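Peer 1: The structure that follows is given in the form of structure tokens.
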Amino acid sequence: MTSIPLHHVDAFALELFRGNPAAVCPLETWLDDALLQSIATENNLSETAFFVPEGDRYRLRWFTPVREVPLCGHATLAAASVIFRDLPPSRDHIAFDTLSGPLHVSRRGDLLTLDFPVRPPVPCATPPELLAGLGLPPLEVHTVDLALDLANLGKRLVIVKIPLELKPKSGPGKVKWIIEIVVGGYPTHLGGKAGLKKAARTGARDTQ
């Protein structure tokens, strides 16, 4: 039976049983995806990170107990800490290749810095469903791809700016995008399926 090292790392913490835990499994070669998923399910942590060396870089993947995900910050830092601490040669920089592109982690003393990918929003036309849900013309609409998991690659984050003095019409206003509504220059959020009728006053996010 193959033995796979497993590290339990508490990210963002200076002591045991604090921070954000992740499992880290260094591999020499990739295992079957079903086996990777079974290991992550057995670990039952928010993410298990697996990595394989590729030259002077590493290929990094993350699995929750139920699926693979395209990006995870704390598990990336956890994987980097294992490499910095346990794997030769000694280094102060690590380059990971991931489903979200290259990620870089640098070390200065005991501090690790993660260079996270930037997905700047770009202006877009107002989706008709959004306009119908708001019941008013937005001042600005921007969009950016937001991959919450592999099943939702390509899902868009729509950022909308609306004037404070206008109120959208009543109604459920279900949308097909994850929405962040900026009111008076400040992003505000309202969880759940409260509907867009409250958007001008409080902001809303709806994952329908």
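Quick note: the coordinates plus some simple rules give every number you see, no bench work behind them. Owing to the predicted nature of the structure, the values given are computational and were not obtained by experimental measurement. Here the Cβ is made from the backbone with ideal geometry for all residues, glycine too, and neighbour counts use every protein chain on show.
Peer 1: Between the alpha-carbon centers of the stretch 95-149 and the stretch 1-74, tell me the distance in whole angstrom.
Peer 2: A separation of 24 Å, based on Cα centres.
Peer 1: Any idea how far apart ARG67 and ASN44 come out in nm if each label point goes 7 Å out from Cα toward Cβ?
Peer 2: Here the answer is 2.2 nm between the modelled labels.
Peer 1: Mind checking the stretch 24-80 for GluC sites (Glu not before Pro) that DSSP puts in a loop (not H, G, I, E or B) and that have at most 13 other Cβ atoms within 10 Å?
Peer 2: GLU28
Peer 1: Residues with beta-carbon under 13 Å from that of GLU54, excluding GLU54: net charge, scoring Lys, Arg +1 and Asp, Glu -1? Provide the component values of the computation, followed by the final result.
Peer 2: Working: positive: ARG57, ARG59, ARG61; negative: GLU28, ASP56, ASP97.
After counting each charged neighbour, the total is 0.
Peer 1: Please figure out what share of the DSSP beta bridges in the stretch 7-115 is antiparallel and state it in percent, rounded to the nearest 5.
Peer 2: 80 percent
Peer 1: With the cut-off at 1.5 for a/c, could you classify the stretch 7-115 from its C-alpha gyration tensor as rounded, prolate or oblate?
Peer 2: Cα axes put the stretch 7-115 in the oblate bin.
Peer 1: So for the stretch 7-115, taking the charge dipole from beta-carbon charges (+1 Lys/Arg, -1 Asp/Glu), which of ALA78, THR98, GLY109 sits furthest toward the positive end?
Peer 2: Of the listed residues, the answer is GLY109.
Peer 1: Provide the per-residue ³J(HN,Hα) series for the stretch 11-27, in order, calculated from phi with Karplus coefficients 6.51, -1.76, 1.60 and θ = phi - 60°, each as a whole number of Hz, with x at glycine and proline positions.
Peer 2: Ordered by residue, 3J(HN,Hα) equals 6, 6, 9, 10, 8, 5, 6, 10, x, 10, x, 8, 9, 10, 10, x, 10 Hz.
Peer 1: Calculate one ³J(HN,Hα) per residue across the stretch 37-50 by plugging θ = phi - 60° into the Karplus curve 6.51 cos²θ - 1.76 cosθ + 1.60, and present them in order as whole Hz with x for glycine and proline.
Peer 2: 3J(HN,Hα) across the stretch 37-50, in whole Hz: 5, 5, 5, 5, 5, 5, 5, 6, 9, 4, 9, 10, 9, 10.
Peer 1: Moving on. DSSP loop chymotrypsin sites (Phe, Trp or Tyr not before Pro) in the stretch 1-88 with at most 16 other Cβ atoms within 10 Å of their Cβ, which ones?
Peer 2: Sparse-neighbourhood loop chymotrypsin sites (Phe, Trp or Tyr not before Pro): PHE12, PHE17, TRP30.
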